[in-house]
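These notes concern the structure reproduced below.
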Amino acid sequence: MRMIARLLTLHRRFAASTRGVAAIEFAMTLPILSVLFLAAFDGGRAIAIYLKVRSATYALAAVTNQYSTITAADISDIAGSTALILQPYSSTPETVTVSQIAVNSSSNATVAWSYSLNGTALTAGATVTLPTNISTCGTYPCYLIYSQVSYAFSPMFGFFTSGTLNLSDNLYVTPRSSTCIIYTPATGTACAVATSSSSSSSGSSGSSGSSGSSGSSGSSGSSGSSGSSGSSGSSGSSGSSGSSGSSGSSGSGSGSGWGSGGFCFFWWC
């Protein structure tokens, strides 16, 4: 009986005791707090890297579009310089691609040339779907610089996300100092011509038509390349309807095109 009474007394004292409650509660919540801390740590790293990816995308486009002619060494240096923006994070998981997109009078966009670092360049001549919020060209063909940067983020701990998280951004800008940027390894000394459409070089007003290069408004006519609306005018290098038809690739010319404007899309310039 005494033993039972002592056990009951100890039980009542244990049940009524509040000593060590904080330590017990802390021990219960520590695993949860640890998981939240490690997940927040990886989440913070992912956000920081993504912001750097966005900055690298802008820098890649903003530097590239200042050239009128670019060599393989130039573009390699430009793409490689994005690693400086990503510091102190490693640039090994980074993929950098910069391309020039040619748009013809039918708003068909194709890849004129492309270069990639740690990745695969876009195929020359491949069709590109432009974002719907990009305005159409004032003159054709027109050109866009398309920069893409992606980063394969791997969390240090597995509580934020499992596996690799792809952080990427892309940006379209216009060439600043010329209508197009000549990439010498791919296009030599000339711009890559946009893919022809039904109104291009085989159109109803072809090179020998009434408005062609040999027509009444030909290259020596009043609207030709030496006329009042010549290659620097608002009606392009080959007269009012160009040597390639009424809407050909050399149609309305580059005098007032995107390249000479020197502006950029969105809020970046």
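Tabulated values for the structure
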quantity: Per DSSP, loop trypsin sites (Lys or Arg not before Pro) in segment 16-72 with at most 14 further Cβ within 10 Å; calculated: ARG19
quantity: Ranked VAL149, VAL96, VAL173, VAL21, criterion: other C-beta atoms within 10 Å, fewest first; calculated: VAL21, VAL173, VAL96, VAL149
quantity: Value of relative contact order over segment 35-190, rounded to a whole percent, pairs C-alpha under 8 Å and six or more apart; calculated: 32 percent
quantity: Relative contact order, percent, segment 55-125 [alpha-carbon distance under 8 Å, six or more residues apart]; calculated: 25 percent
quantity: Positive minus negative residues near SER150 (Lys, Arg vs Asp, Glu; Cβ under 11 Å); calculated: -2
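We did not get these values from a lab; they are worked out from the coordinates using the rules stated. Everything quoted here is computed from the prediction, not taken from an experiment. Glycine gets a Cβ as well: all are built from the backbone with ideal geometry, and neighbour counts include every protein chain shown.
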